[in-house]
Number of protein chains: 2
Amino acid sequence: MTDCIFCRLIKGELPSDIVYRDDDVIAFRDIDPKAPVHILIIPLKHIRTVNDLSPADQMLVGKMILIAQKIAEQERIDQRGYRLIFNCNRDGGQAVYHIHLHLLGGRGMHWPPG
Amino acid sequence: MTDCIFCRLIKGELPSDIVYRDDDVIAFRDIDPKAPVHILIIPLKHIRTVNDLSPADQMLVGKMILIAQKIAEQERIDQRGYRLIFNCNRDGGQAVYHIHLHLLGGRGMHWPPG
């Protein structure tokens, strides 16, 4: 997906503030943060939306949650707390069509969640 | 966890509008909905927060996301879109200390997400 900005970011063709990387997943700071900590966790594999996850992706998406947990600890927001979000399609507010898990914390998050 | 309202709900000791159930997961409508569709997906196993997920729970938490995807389809909000949320601890806005994935849709979700 050469026209996907997240695929380009993974390849290093676009700058990003990377906080975590392994063979499946990369995490970097959101360029338009909505909280003191706002990090995106994405799979290296291009998956367009949550609707496009297949049963074979179950471990991968589970890993994204566990990596978010580890990053929250690393950012020292695990005890005060944080919010994890997947947006799917237009009503969900999805801005980039390569799935990404938002991790937000460092402030009290409000309810409803947007 | 006899004092956990979600464990009691799983046992049928509290009423709920269940939309999905299997051997690992149950899903039911939020009693204080923040969108036309607002469903909670929870594991039958009592896990207090996202921080308490162990590596052994990777498949389980991945399954929660895939079940949310299926319920979004069943509720016919998959194409317009939806938002999935885990709240962890106080800053995250966690209200019940048994992990639950919020599925919200049926309206455009705003940004920031609370």
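Observations on the structure shown:
- Filtered residues of segment A:77-90 (kept if buried (at least 22 other Cβ atoms within 10 Å of the Cβ) and on the phi < 0 side of the Ramachandran plot): A:ILE77, A:TYR82, A:ARG83, A:LEU84, A:ILE85, A:PHE86, A:ASN87, A:CYS88
- Residue list for segment A:77-101, restricted to those being within 7 Å of another protein chain (Cβ to nearest Cβ) and within 11 Å of the chain's Cα centre (by Cα): A:LEU84, A:ILE85, A:PHE86, A:ASN87
- Only a single item in (1) facing chain A (nearest Cβ under 10 Å); (2) in contact with a helix residue (DSSP H, G or I) (Cβ under 6 Å, 6 or more places away or on another chain); (3) open to solvent by less than 30 Å² (accessible area, probe 1.4 Å) is not met by B:ILE42, and it is number (1).
Residues are listed down the side, and each one gets a yes or a no for (1) more than 28 Å from A:GLY92 (Cα to Cα); (2) assigned to a strand (DSSP E or B):
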| position | (1), (2) |
| --- | --- |
| B:ASP3 | yes, no |
| B:CYS7 | yes, no |
| B:GLU13 | yes, no |
| B:SER16 | no, no |
| B:TYR20 | no, yes |
| B:ASP23 | yes, no |
| B:PRO33 | no, no |
| B:ILE41 | no, yes |
| B:ARG48 | no, no |
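- Among the residues of segment B:54-76, just one is touching a residue at least 24 places away in the same chain (Cβ under 8 Å), open to solvent by 10 Å² or more (accessible area, probe 1.4 Å) and within 7 Å of another protein chain (Cβ to nearest Cβ), namely B:LYS63.
- Hey, B:VAL25 surrounded by fewer than 21 Cβ atoms within 10 Å (Cβ to Cβ) and under 19 Å from A:LEU53 (Cα atoms) or not: yes
- The combined condition, being under 20 Å from B:GLY93 (Cβ atoms) and in a loop (DSSP other than H, G, I, E, B), is fulfilled by A:GLN79.
The values are calculated or read from the model by the stated rules, or taken from the named source; none is laboratory data. Note that the structure is predicted; figures quoted are calculated from it, not measured. Cβ: placed from backbone, ideal geometry, glycine included. Neighbour counts: every protein chain shown. We work out accessible area using only protein heavy atoms, side chains counted, and drop any ligands, DNA or RNA first. Shrake-Rupley method; radii C 1.70, N 1.55, O 1.52, S 1.80 Å.
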